[in-house]
Amino acid sequence: MDHTTLDIGRIRADTPGCAERVHLNNAGAGLLSRRTLRAVTGHLGLEAAIGGYEAADRERERVARTYDDIAALIGGRADEVALFDNSTRAWQAAFLSLTHTFRPGDRVLTGRAEYGSNVLMYLHAERRLGVEVVVVPDDEHGQLDTAALAGLIDERTRLVGVSHVPTGGGLVNPAAEVGRITRAAGVPFLLDATQSVGQFPVDVREIGCDMLTATGRKFLRGPRGTGFLWVAASMLERTEPVLPEIESADWDGARGFTWRPGATRFATWEMNYAAVLGLGSAVRQARELDPAVTGARAVALGARLRGALDELPGVTTHDLGREKCAIVTARVGDMPPAEVAAALAREGVNVSVTHPHHTQFDTEQRDVHPLVRLSPHYFTTEEELDRTVALVGGLVRGR
């Protein structure tokens, strides 16, 4: 593993949460850096001093820079980005903007790794609009079978929606191959990149998706209550947002309106500017450190942790895919995952637990959830992983 381009000591010193805990829950919420914390609290202080509207007006350029940095991070343009208070709302806005084209019998294709809220929206569309939701099977590696996907796309297909990385495991779906197939077929491709943006490099042009959603709070290490939607400029005219408001549309002076240009048509006028500036700070830091470098380290740490856990008697990991990321899911003997998480928390180690209703289609296939979910990031040390593995081993021996 290459340590030469990352000063882990400096990064950890700039991350207050590293002082007291072993944080292996970055797939839930990453740790804020001091500079991001200052961006948030500084703006709150400014609002308190001069007023909320006045503070937003004063920081207009920094807010605009947030759009620029997000676009640069994922390979898009600033006018293709809309900000949201979370990734699920961004995903819903994208999905619903396409449903004006849906007719009974149309098809939406997705994978077994799809996130629970997305699945519920698919099922809602099935119930409300009469569309058919088709789950593309996995291949022999447990990732979305792209050959099967290509064979399932037909004239009835209105959307392919895929989670790049699931919430419940270390799988990395072959997003670029999905993009190649959807581009050739002329079918919109909506990528849920909630668990991938910030964890490793994600480039919308290389992937070939038409719409992408992500959150600030996870591997980007931004504040909670932040998310964004990217919509390719070429896709905008195929969308019809379902919630027009004064930021997204222009009134014509009579009884009509027109959508604003770019992704602004998905936007809302009111937003948490302190959180937006915190998101901007986190995105800039991710760019400065270089996602290729931080991503390589995070993935390598995940592989180290996965391998060490697999060597423990009674412990099994359950991550699928030819390519795996920093998220590691495991069963620890016959110990309930919630008890494992609680026992590790008492030792100062943060982990989380997967839930069947967060990964419905995966649960249909494997029925392995709940599992203990451990997710290191680039600021995690090898010593922290070794300590965690020793603690897990002690839990197994203590049963």
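For the stretch 337-381, give me each residue that is exposed (fewer than 15 other Cβ atoms within 10 Å of the Cβ) and either under 24 Å from Pro201 (Cα atoms) or of a type in the set (A, V, I, L, M) (or both).
Ala338, Ala342, Ala345
Condition check: surrounded by fewer than 21 Cβ atoms within 10 Å (Cβ to Cβ), more than 29 Å from Thr167 (Cβ to Cβ) and charged (D, E, K, R). Does Arg12 satisfy that?
Taking the combined requirement at face value, the residue does not satisfy it.
Restricting attention to the stretch 95-104, does a residue exist that is surrounded by fewer than 19 Cβ atoms within 10 Å (Cβ to Cβ), assigned to a loop (DSSP other than H, G, I, E, B) and charged (D, E, K, R)?
Within the stretch 95-104, one or more residues are surrounded by fewer than 19 Cβ atoms within 10 Å (Cβ to Cβ), assigned to a loop (DSSP other than H, G, I, E, B) and charged (D, E, K, R).
Looking at Trp269 and the list (1) closer than 20 Å to Arg65 by Cβ; (2) within 19 Å of the chain's Cα centre (by Cα); (3) of a type in the set (Phe, Trp, Tyr), which single condition is not satisfied?
(2)
Restricting attention to the stretch 293-316, does a residue exist that is outside the structural domain of Thr41 (by TED's automatic domain parsing), of a type outside the set (Gly, Ala, Ser), part of a helix (DSSP H, G or I) and within 18 Å of the chain's Cα centre (by Cα)?
Yes, the stretch 293-316 contains at least one residue that is outside the structural domain of Thr41 (by TED's automatic domain parsing), of a type outside the set (Gly, Ala, Ser), part of a helix (DSSP H, G or I) and within 18 Å of the chain's Cα centre (by Cα).
When you scan the stretch 164-221, how many residues do you find that are of a type in the set (A, V, I, L, M, F, W, C), surrounded by 22 or more Cβ atoms within 10 Å (Cβ to Cβ) and within 21 Å of Val119 (Cα to Cα)?
Looking only at that region, the number is 14.
Pull up the stretch 317-354, narrow it to residues that are of a type in the set (A, V, I, L, M, F, W, C) and farther than 24 Å from Cys18 by Cβ, then point me to the one that is nearest to the chain's Cα centre (by Cα).
Residue satisfying both the conditions and the ranking: Leu320.
Have a look at Arg112, Arg103, Arg128 and point out the one that is in the same structural domain as Leu149 (by TED's automatic domain parsing), charged (D, E, K, R), in contact with a helix residue (DSSP H, G or I) (Cβ under 9 Å, 6 or more places away or on another chain) and without any contact (Cβ under 8 Å) to a residue 24 or more places away in the chain.
The conditions single out Arg128.
If I ask for residues that are surrounded by fewer than 21 Cβ atoms within 10 Å (Cβ to Cβ) and not in a loop (DSSP other than H, G, I, E, B), which ones from the stretch 325-336 would you list?
Passing the criteria: only Arg331.
Could you check Arg21 against (1) touching a strand residue (DSSP E or B) at 6+ places or on another chain (Cβ under 8 Å); (2) within 23 Å of Gly227 (Cα to Cα) and say which number it fails?
(2)
Part of a helix (DSSP H, G or I), touching a residue at least 60 places away in the same chain (Cβ under 8 Å) and out of contact with any Gly (no Cβ under 7 Å at 6 or more places or on another chain), is that true of Thr194?
no
Only one of Ile74, Ile50, Ile70 is aliphatic (A, V, I, L, M), surrounded by fewer than 15 Cβ atoms within 10 Å (Cβ to Cβ) and over 13 Å from Ala275 (Cα atoms); which?
Matching residue, one of Ile74, Ile50, Ile70: Ile50.
The values are calculated or read from the model by the stated rules, or taken from the named source; none is laboratory data. Worth saying up front: this structure is predicted, and the values here are computed from it rather than measured. As a convention, Cβ positions derive from the backbone with ideal geometry for all residues, glycine included, and neighbour counts pool all protein chains shown.
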